[in-house]
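The block underneath contains the structure these notes are about, expressed in structure tokens.
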2 protein chains.
Amino acid sequence: MSTRKNLKVIIVGSGNVATHLARAIAQSKHELRQVLSRDLSRAKVLVNNTNVQAIQSVSHIDPTADVVILALKDDVLNTEYINQFPKKIILCHTSGSVSMDALAAFPNHGIFYPLQTFSKLKEVDFAEIPICLEASNTEVMQTLSLLASSLSPLVYEVNSKQRKALHLAAVFACNFTNLMYDISEDLCQKAGMDFEILRPLIRETAAKVQEHSPNEVQTGPASRNDKNIINRHINLLNQHVDYQEIYRVLTDEIIKRNEEL
Amino acid sequence: MSTRKNLKVIIVGSGNVATHLARAIAQSKHELRQVLSRDLSRAKVLVNNTNVQAIQSVSHIDPTADVVILALKDDVLNTEYINQFPKKIILCHTSGSVSMDALAAFPNHGIFYPLQTFSKLKEVDFAEIPICLEASNTEVMQTLSLLASSLSPLVYEVNSKQRKALHLAAVFACNFTNLMYDISEDLCQKAGMDFEILRPLIRETAAKVQEHSPNEVQTGPASRNDKNIINRHINLLNQHVDYQEIYRVLTDEIIKRNEEL
């Protein structure tokens, strides 16, 4: 299998990860053979205007396919549904937090975890997405590498323990960061200003850590341990007790890290 | 003054803001006349290889200058030092958190606040920096606008109350965001992986909010209120009580915001 250049791939699921992954594979040198969703109408939307087959039942999957990618919610991965798939096919899932062992009933199984934030609102460039692979054996790793490297130059071998740590780290780097943006927008708007004014700062803050380590480029009142400004900020937030608590907890953490350096 | 095209500008200070601002003005159509620092050696480093004069004492400032920009620490702005400047010149400061009133002894005064994170480690493109202006009268505003618009297309009139809100919002959008990056790097490295793997996610998270509102593009376990993953993450952090608290506080905030939508 690993010597063939073009793989036949089946995607299971129709959510954000399935959608973005299906588009990327359809545009690669590999063949997106089928998209399977228990909601057939969603699978049809996903394969719209292509030769890819939309199917609803596991019994219709092409047995000659090389790889089945389960782009499903975590709780579905842990159900009997998975056991319906043919045992000889390479079966992998895209979850950051489910162990590879969830697929242990299959002799050839692995992980195909794209580390990115996907949403319907925005196209993504797969060439910018790290793909984290894990495999039950060397041949599976070769096949998954062949597929992943055709989508992105950023391919990593990551074991299940590391992947869970990465998924957790991503919550900080992405979801909690986005919450910081959200709060800043709220504070801005409550003072009668448009969020537009903060966007360049957000770009530059992300740009800075592309070349440097975040702790080298920290700035601001907590980083200088400027108690005057910190207290004034906490006073300014007296109408937002939640924000006050967040401000205190994060400021304390920055001060503590500086003391440890 | 407002009809002249080329302004003579004096910068007071030699820190990050003074340095980046001096470079930008020296490259603009306006004239950087002098850089004043109580530490003359730092002023000399700053004007190195240019015609700009480095001075140490307020008594040496060119009385024909149009604008003096005080790029000083907040606590210096509130001292007697400021009162030594000639009363007729336009005096403005660059602080996000000090009121314009701090300069009320001068008939022509204002604010020239560049909303960006400056550090010695990285060059910045002033065309990407919002400049927030406030002025004691219309003529001062015209002069500051002339100067600001030659450095950046992003010029805003922002009053002192709004500027303080903006400075606070910037702590969330920049300093606290950078702390999230810092924690994600730490978690990544403790699991034996390089921070490089998270950088594309950081870029995309910032890119998403350039076109959208952060609350429209939030993803992750808190956003889905996925208690299984949230609990697993909190368990994973049992060696890091600080991170555990931060995880809880920020997760609760995301869940609460979703409930309010």
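The values are calculated or read from the model by the stated rules, or taken from the named source; none is laboratory data. Values in this document were obtained by computation on a predicted structure and should not be read as measured data. Methodologically, a virtual Cβ is constructed for each residue, glycine included, from the backbone with ideal geometry; neighbour enumeration extends over all protein chains shown. Side chains included, ligands, DNA and RNA excluded: accessible areas come from the protein's heavy atoms. Shrake-Rupley method; radii C 1.70, N 1.55, O 1.52, S 1.80 Å.
Using a 1.4 angstrom probe on protein heavy atoms only, the contact between A and B buries about 8700 square angstrom of accessible area, both sides summed. Across all C-alpha atoms in the stretch B:115-239, the radius of gyration and Dmax reach 19.7, 61 Å. Per the Debye calculation on chain A with a single equal scatterer at every Cα and no solvent contribution, log₁₀ I(q)/I(0) for q = 0.12, 0.14, 0.15, 0.17 Å⁻¹ amounts to -0.81, -0.97, -1.05, -1.24.
Considering helices alone, the calculated mean residue ellipticity of chain B at 222 nm is -12500 deg cm²/dmol, with DSSP H runs of length four and up weighted by -39500 (n - 2.57) and normalised per residue.
Looking only at B:Asn83, B:Asn215, B:Asn48, which one moves most when chain B is put into a Gaussian network model with springs between Cα atoms under 10 Å? Between B:Asn83, B:Asn215, B:Asn48, it is B:Asn215 that shows the largest mean-square fluctuation. What lysines sit close enough to A:Lys8 to cross-link, taking a C-alpha to C-alpha distance under 30 Å and skipping anything fewer than 8 places away on the same chain? Partners found: A:Lys29, A:Lys44, A:Lys73, A:Lys87, A:Lys88, A:Lys120, A:Lys122, A:Lys161, A:Lys164. Across peptide B:130-141, the average count of Cβ atoms from other chains found within 10 Å of a residue's Cβ is 1. Which one of B:Arg199, B:Arg232, B:Arg38 has the biggest mean-square fluctuation once chain B is modelled by GNM with Cα springs under 10 Å? Maximum fluctuation in the GNM of chain B, among the listed residues, is at B:Arg232. Surface analysis of the stretch B:131-246 yields an accessible area of 38 Å² per residue, using protein heavy atoms and a 1.4 Å probe. Across the stretch B:44-147, C-alpha contacts under 8 Å between residues 6 or more apart give a mean separation that, scaled by the residue count, equals a relative contact order of 19 percent.
So for the protein assembly as shown, considering every pair of alpha-carbon atoms, how many percent are separated by more than 33 Å?
Taking all Cα-Cα pairs of the protein assembly as shown, the fraction more than 33 Å apart is 48 percent.
Between the alpha-carbon centres of the stretch B:143-176 and the stretch A:13-66 there is a gap of 48 Å. Counting from the shortest, the label point at A:Thr50, 7 Å from Cα toward Cβ, is 5.4 nm from the same position in each remaining copy. For chain A, a crude dipole built from +1 on the beta carbon of Lys and Arg and -1 on the beta carbon of Asp and Glu, taken about the Cα centre, is about 700 debye to the nearest 20.
The calculated FRET efficiency for A:Lys88 paired with A:Lys44, based on their beta-carbon distance and R0 = 30 Å, is about 0.60.
How would the stretch B:1-155 be classified by its alpha-carbon gyration tensor: rounded, prolate or oblate, with rounded meaning a/c under 1.5 and the a/b versus b/c comparison settling the rest? Verdict is rounded for the stretch B:1-155. The charge dipole of the stretch B:123-202, taken about the Cα centre with unit charges on the Cβ atoms of Lys, Arg (+1) and Asp, Glu (-1), comes to about 360 debye, rounded to the nearest 20. List the residues of the stretch B:152-188 whose backbone N lies under 17 Å from a point placed 7 Å from the Cα of A:Asn235 along the Cα-to-Cβ direction. B:160-169, by backbone N distance to the label point.
Considering only chain A, the C-beta nearest to the rotation axis that sends A to B is found at A:Ala206, 2, the distance in whole Å.
For the stretch B:243-261, a reduction of at least 50 Å² in accessible area between the chain on its own and the assembled protein chains (probe 1.4 Å) is found at B:Ile246, B:Val249, B:Leu250, B:Glu253, B:Arg257. How high is the FRET efficiency from A:Ser160 to A:Thr138, r the C-beta distance, R0 25 Å, rounded to 0.05? Rounded to the nearest 0.05, the efficiency is 0.90. The same position B:Val241 in the other copies lies at 2.4 nm from this copy, comparing label points 7 Å beyond Cα toward the beta-carbon, shortest first.
When a/c reaches 1.5 or more, the comparison of a/b and b/c decides; with that in mind, is the stretch B:207-261 rounded, prolate or oblate per its Cα gyration tensor?
Since a/c reaches 1.5 and a/b is larger than b/c, the shape of the stretch B:207-261 is classed as prolate.
Of all the accessible heavy-atom surface of chain B, with the other protein chains kept in place and a 1.4 Å probe, what percent is carbon and sulfur? Show your work: numbers first, answer last.
Details: 5250 of 11250 Å².
Ligands and nucleic acids excluded, carbon and sulfur give 47 percent.
Here's the picture: charge each Lys and Arg Cβ at +1 and each Asp and Glu Cβ at -1 in the protein assembly as shown, and of A:Ile25, A:Ser99, A:Leu133 the one pushed furthest to the positive end of that dipole is A:Ile25. Dipole magnitude for the protein assembly as shown: computed about the Cα centre from +1 point charges on Lys and Arg Cβ and -1 point charges on Asp and Glu Cβ, it is near 760 debye.
Checking the a/c ratio against 1.5 first, then a/b against b/c, what shape does the Cα gyration tensor give for the stretch A:141-188? Oblate shape, in that a/c is at least 1.5 and b/c is the bigger or equal ratio. Obtain the nm distance between the two label points defined at B:Glu128 and A:Glu196 by a simple spin-label model: each point lies 7 Å from its Cα along the Cα-to-C-beta direction. Result for the modelled spin labels: 1.9 nm. Taking the longest Cα principal axis of chain B as reference, the axis of helix B:138-151 is set at about 60 degrees. Projected over all directions and averaged, the alpha-carbon convex hull of the stretch A:1-54 occupies 3.7 nm². Label-point spacing at A:Asp39 relative to the other copies reads 6.1 nm, in ascending order, each point sitting 7 Å out from Cα along Cα→Cβ.
Note on chain A: with a GNM built from Cα contacts shorter than 10 Å, the maximum mean-square fluctuation among A:Asp242, A:Asp75, A:Asp39 falls on A:Asp242.
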